[in-house]
Amino acid sequence: MVTMQEIRSLIYEGRAKKVCDVIRQALEEGVSAKDILQQGMLPAMSEVGLKFKNNEVFVPEVLVSARAMNMGLECLKPYMSDMGLEPAGTVVIGTVKGDMHDIGKNLVRMMLEGKGLRVIDLGVDVPAERFFEAAEENGADIICCSALLTTTMGEIKNVIAYLEEKGVRGKYRVMIGGAPVSQAYCDTIGADCYTPDAASAAEAALALCGK
């Protein structure tokens, strides 16, 4: 019999192929997709996020755990709608216009998915209008803007200005992050949330979707 601890351990250790095999076995044994997700998979990524935040594990370990989590989610997808499992919320994420950096953004995306959020990843060099369009198309709760350069962080302000221009600023929470970004900058431009790392971003996003 598959145990939830076994699933948690496999995701924590980043054993992606084995995770899928064990999830299929659990489903065959009659374990619900909901229990596999909520009791096995999500707690594993929460543990990874906490250890990352405390500098007990680092980016490579987080990436392999997140890859295992994503593969597990793919295996569960056909069963999730039948079980009435809806995402905790929808997040649109991208690196702002003029900025081609994506490592930090990718890490945040994986941590968001590890919290059970649906993530629309727009990639890099994303203009303000594309953030708006994707949020509208996907019924997003949150728009996450990443900037890794001091020369591009001003684009975050442009995203907020564009949302205001379209009359939808109050419809979306805007989260921001990246090396040059700070809480002071967040306050200055009127964004809703700044976090210093991927684990904190995932926790904050989940909390915002719950409001």
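The values are calculated or read from the model by the stated rules, or taken from the named source; none is laboratory data. As the structure is a prediction and not an experimental result, all values here were calculated from the model. As a convention, Cβ positions derive from the backbone with ideal geometry for all residues, glycine included, and neighbour counts pool all protein chains shown. Note: areas computed on protein heavy atoms with side chains; ligands, DNA, RNA excluded. Shrake-Rupley method; radii C 1.70, N 1.55, O 1.52, S 1.80 Å.
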Check your understanding: Can you give the accessible area of Ser46 in Å² (nearest 10), computed on protein heavy atoms with a 1.4 Å probe?
Key -> 50 Å²
**Study point:** Listed candidates (i) 1.07; (ii) 1.29; (iii) 1.00 - label of the one calculated as Rg/Rh (Cα atoms, Kirkwood Rh)
**Key:** (iii)
Point to revise | Tally of Lys pairs whose C-alpha atoms are under 26 Å apart, taken over the stretch 1-153, 8 or more apart or cross-chain | key: 20
Exercise for review: Within 10 Å, count the other beta carbons around each residue, average over each peptide in 179-185, 69-75, and list them highest first.
Suggested key: 69-75, 179-185
Point to revise | Helix-only CD estimate at 222 nm, as mean residue ellipticity for the chain, using -39500 (n - 2.57) per DSSP H run (n ≥ 4) | key: -16500 deg cm²/dmol
Check your understanding: Roughly how many Å² is the accessible area per residue of the chain, as a whole number, for a 1.4 Å probe?
Key -> 47 Å²
Point to revise | Surrounding net charge for Val48, when Lys and Arg each add one and Asp and Glu each subtract one, Cβ distance under 14 Å | key: -1
Practice item. Pop out the ³J(HN,Hα) list for the stretch 138-151 in order, Karplus 6.51 cos²θ - 1.76 cosθ + 1.60 with θ = phi - 60°, rounded to Hz; leave Gly and Pro as x. Key: 10, x, 5, 9, 9, 10, 10, 10, 10, 9, 10, 10, 5, 6
Review point. What list of whole percents do you get for P(r) of the stretch 35-128, with Cα-Cα distances grouped in 10 Å bins up to the one holding the largest distance?
Key: 15, 44, 31, 10, 0
